[in-house]
1. What size of dipole, in debye to the nearest 20, comes out for chain B about its Cα centre when the only charges are +1 on Lys and Arg C-beta atoms and -1 on Asp and Glu C-beta atoms?
2. What does the charge count near residue A:90 come to, summing +1 for each Lys or Arg and -1 for each Asp or Glu among other residues with Cβ under 11 Å from its Cβ?
3. Share of Cα-Cα pairs in segment B:13-114 beyond 22 Å, in percent?
4. Quick check for you: with a 1.4 Å probe and neighbouring chains kept, what is the accessible area per residue of chain A, in Å²?
5. Along its three principal axes, how long is the protein assembly as shown when you only count alpha carbons? Whole Å, largest extent first please.
6. Averaged per residue, what accessible surface does chain B expose to a 1.4 Å probe, in Å²?
7. With charges set only on the Cβ (+1 for Lys and Arg, -1 for Asp and Glu), what does the dipole of the protein assembly as shown come to about its Cα centre, in debye to the nearest 20?
8. Rounded to the nearest 20 Debye, what is the dipole magnitude of chain A about its Cα centre when Lys and Arg each give +1 and Asp and Glu each give -1 at the C-beta?
Amino acid sequence: AQSVAQPEDQVNVAEGNPLTVKCTYSVSGNPYLFWYVQYPNRGLQFLLKYITGDNLVKGSYGFEAEFNKSQTSFHLKKPSALVSDSALYFCAVRLNSGNTPLVFGKGTRLSVIA
Amino acid sequence: NAGVTQTPKFQVLKTGQSMTLQCAQDMNHNSMYWYRQDPGMGLRLIYYSASEGTTDKGEVPNGYNVSRLNKREFSLRLESAAPSQTSVYFCASSEQGALHYGYTFGSGTRLTVV
């Protein structure tokens, strides 16, 4: 079975500071990993993904994430936070074989304070 | 614009009433999904359709039925609505076999059952 844990319900960061949103996963095989962002009253938007290759992946809006196989983690990062980054962030995982649906974490609310 | 369209955007039902949530995608995707989003619970899969003509239960299927009407459309039906089904419902689609592409989401249906 696949599962995703986002250990922080809320992350607060000052504008201009680096931010990290944590994600750990559990799959019985090799994973595909995703980050999505949800702005108020909107659907989820794709941010970035890890498929294979370089452990550091870059995505939209200056976000990046680092895949760490030994720690089964896929933390989302950004060097300098913006107030407009305030949103709900979801980590998701699926196996890289078969056609199993994405499994989402519970989400982390990021609040960037000016 | 290409994407996933959900109707209605908002709905209030009385306990015991029935309704169907509609979802259509114009990206020629094979796979479609219904999720519900509840505070602190993240996104939970209700049903999915890996391809036209097939449907499968997800994590929380009780109280719901689905119909994959054709390749474009995937509807979710509540036969006898209950207050526990108050939630935001998201439809998503993806390309079957392209596991690394992730999902495209609709903007959601906010359902309140009183």
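The values are calculated or read from the model by the stated rules, or taken from the named source; none is laboratory data. Keep in mind that what you see is a predicted model, and the values were worked out from it rather than measured. Heads up, the Cβs are rebuilt from the backbone with ideal geometry, glycines too, and the neighbour counts pull from every protein chain shown. Only protein heavy atoms, including side chains, enter the accessible area calculation; ligands, DNA and RNA are left aside. Shrake-Rupley method; radii C 1.70, N 1.55, O 1.52, S 1.80 Å.
1. Working: 10 positive and 8 negative charges, 56 e Å.
Charge dipole of chain B: 260 debye, to the nearest 20.
2. The answer is +2.
3. The answer is 25 percent, as a whole percent.
4. Values: 5330 Å² over 114 residues.
Accessible area per residue, chain A: 47 Å².
5. Principal extents (Cα only, largest first): 49, 39, 34 Å.
6. Per residue, chain B has an accessible area of 46 Å².
7. Values: 20 positive and 15 negative charges, 54 e Å.
For the protein assembly as shown, the charge dipole is close to 260 debye.
8. For chain A, the charge dipole is close to 220 debye.
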